[in-house]
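The values are calculated or read from the model by the stated rules, or taken from the named source; none is laboratory data. The structure presented is a predicted model; accordingly, all values stated were derived computationally and were not measured. So basically every Cβ, Gly included, is an ideal-geometry build from the backbone, and we count neighbours across all protein chains shown. These accessible areas exclude ligands, DNA and RNA; they are computed on the full protein's heavy atoms, side chains included. Shrake-Rupley method; radii C 1.70, N 1.55, O 1.52, S 1.80 Å.
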Amino acid sequence: LLQQAQKTINPNAVIPEIDAVAPVNKELAEIRKELADDRAARQKEKADAEAESRKQAFANQWAAGQARMRSAGYTKEGLDALEKFMEERGIADHEIAAAAFERINPPAPPVDSTPVGFDAISAVASTNEQIKKLIETRGQDRHATGSLVKQALSEVRTAR
């Protein structure tokens with residue numbers, strides 16, 4: 001330490017113990033710096049690889065979710081609306097988002113496939129058979145009752 005203090009006070013002083021070690025210390029410092037830089041580069045590569053792996057896993061999960069929703073009957077427009085909902089709400093799973101989306105936006109009720117037009121001949125024939133069934137069962141045949149009610153509603157709706 002005394003020799004280092006003298007070298008600090010007088011940098012031109014010749015002290016063999018300190019002067020001989022200086023080049024070695026300089027090389028050692030350079031090696032340490034290279035090692036630190038290499039370690040940082042490897043850590044950055046590892047972090048980038050992990051991020052890319054997570055990104056790829058998410059992309060695979062997203063594509064699988066889209067496929068499940070298409071097989072569940074979602075159209076392109078429906079899938080676009082669902083994915084917009086997912087982005088707004090921060091949901092990454094299509095199935096979870098679909099359940100929430102359908103609860104908030106319930107699907108339209110199914111359309112009644114009863115024809116709007118009126119076929120007088122078949123209506124009279126089927127009505128006579130249904131009325132006969134109702135008379136025979138004394139009003140207990142639910143199918144015949146349902147058909148007659150449906151027909152009556154259809155007639156009222158088309159009369160409007």
*asked:* If I model a spin label as a point 7 Å beyond the Cα along the Cα-Cβ vector, how far apart are those points for E52 and A100 in nm?
replied: 3.2
_At 222 nm, what value in deg cm²/dmol follows for the chain if DSSP H runs of at least 4 each add -39500 (n - 2.57) and the sum is divided by all its residues, to the nearest 500?_
-27000 deg cm²/dmol
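With a probe of 1.4 Å, find how much accessible area the stretch 1-84 has per residue, and write the answer as a whole number in Å². The partial results should precede the final answer.
Numbers: 6880 Å² over 84 residues.
Computed with neighbouring chains in place, this is 82 Å² per residue.
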*Run the quick spin-label model on K33 and E155: label points 7 Å from Cα toward the beta carbon, then report their separation in nm to one decimal.*
10.1
_On a straight-distance basis, which lysines could pair with K76 in a cross-link, Cα separation under 26 angstrom, same-chain partners fewer than 8 positions away excluded?_
K55, K84
*Tell me which label goes with the value of log10 I(q)/I(0) by the Debye sum over Cα atoms at q = 0.11, 0.13, 0.21 Å⁻¹ computed from the coordinates here: (1) -0.40, -0.56, -1.47; (2) -0.81, -0.88, -1.24; (3) -0.60, -0.74, -1.32.*
(2)
_How far apart, in nanometres, would the label points at E136 and S71 be if each is projected 7 angstrom from Cα along the Cα-to-Cβ direction?_
4.7
*Work out from phi, with θ = phi - 60° and the Karplus expression 6.51 cos²θ - 1.76 cosθ + 1.60, the ³J(HN,Hα) of each residue of the stretch 69-74, listed in order in whole Hz, and give x for Gly and Pro.*
5, 5, 5, 7, x, 6
